[in-house]
Amino acid sequence: RALWSQGLLLRVPDGVRLERPVVLRWIVGTPGTALFARTVISVGEDAEVSVVEEQVSATTSASAIASPAGPTDPAGPADHQAFFAGTTEVQIGAGSTLSFAGLQDLSLRQVAFQHRSAVIGRSATVRWALAQLGSRVIRSRIDNTLEGNGSTVEQAEIVFGSADQLFDLTSYTRHIGRDTTGNLLSKGALADRSRAYM
C-alpha cells in the first residue's frame, strides 16, 4: 500500500441507502507500466450500498498481438508486460450491507495482485461476487473479519481460465464476534494449460 499512485475513498453516512450501484472502473495495462490503486470503502450504521468494480485493459491482447512489433519482437512495446496492484479496504458499520461485485478482465500481458479486506460490524453483511477472467497471472487475497456479533459474509468467486493463465486465490475469514456466519464458494473452469490454486 505504501506505493499506491491512484486511490478512491467512498464514504456512505449513517442511515443512507443508495438505490443505484457505485461503479469503479480501473483501465490499466499499457505495456511497460504499473498501477498501484487503493480503494477505501467506509459504510456507516444502518446504511446500504452496492459497488461494482471493473478492471479492464487499456489495450486488448488481440490488438497487442496484431501490432507490427508483436510478441515475436522482444524490443516491441507490445511484448512488455503491465502490472496492476489493487487494495480494497472495507469497514462496515452496525446493521449495514455492502454488496460488492468485481470483474477482472485484463489482457493476457497483465500481471495483477489484488487484496481485499473487510471488517464487518454488529449484524452487518458483506456480499462479495467476484469473477476472474483475464490476466496472465492473477494473485488475489480476501480477508474477512467478522468482528461484530451476528455479522455475516457471503462470498462467491469464479474463474474462467484459458491459454497458460495462472490464478492464485486465497480467502481467510476470522470469526471474532458471537453468532457470526461465513459462506464462501469458489469455482473454476479451466481450459488449455491454465491453472488455478484456491
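Structure notes:
- Out of L146, L185, sole residue that is touching a strand residue (DSSP E or B) at 6+ places or on another chain (Cβ under 8 Å), under 26 Å from I92 (Cα atoms), open to solvent by less than 10 Å² (accessible area, probe 1.4 Å) and touching a residue at least 12 places away in the same chain (Cβ under 8 Å): L146
- Matching entry among F167, F160 (being open to solvent by less than 60 Å² (accessible area, probe 1.4 Å), under 20 Å from Q55 (Cβ atoms) and in contact with a strand residue (DSSP E or B) (Cβ under 8 Å, 6 or more places away or on another chain)): F167
- As a summary of the residue check, R193 satisfies the conditions (1) open to solvent by less than 70 Å² (accessible area, probe 1.4 Å); (2) closer than 24 Å to F84 by Cα; (3) out of contact with any strand residue (DSSP E or B) (no Cβ under 8 Å at 6 or more places or on another chain); (4) not aliphatic (A, V, I, L, M) except for the one numbered (1).
- Of the residues making up segment 137-190, those that are over 21 Å from the mean Cα position of the chain (by Cα) and farther than 24 Å from F83 by Cα number 12.
- Scan of segment 21-52 for residues that are β-branched (V, I, T) and surrounded by fewer than 20 Cβ atoms within 10 Å (Cβ to Cβ), ordered by number: V22, V23, I27, T30, T33, V40, V52
The values are calculated or read from the model by the stated rules, or taken from the named source; none is laboratory data. Owing to the predicted nature of the structure, the values given are computational and were not obtained by experimental measurement. FYI the Cβ positions are ideal-geometry reconstructions off the backbone, even for glycines, and counts take in every protein chain you see. Surface areas here come from the heavy atoms of the whole protein model, side chains and all, with no ligands, DNA or RNA. Shrake-Rupley method; radii C 1.70, N 1.55, O 1.52, S 1.80 Å.
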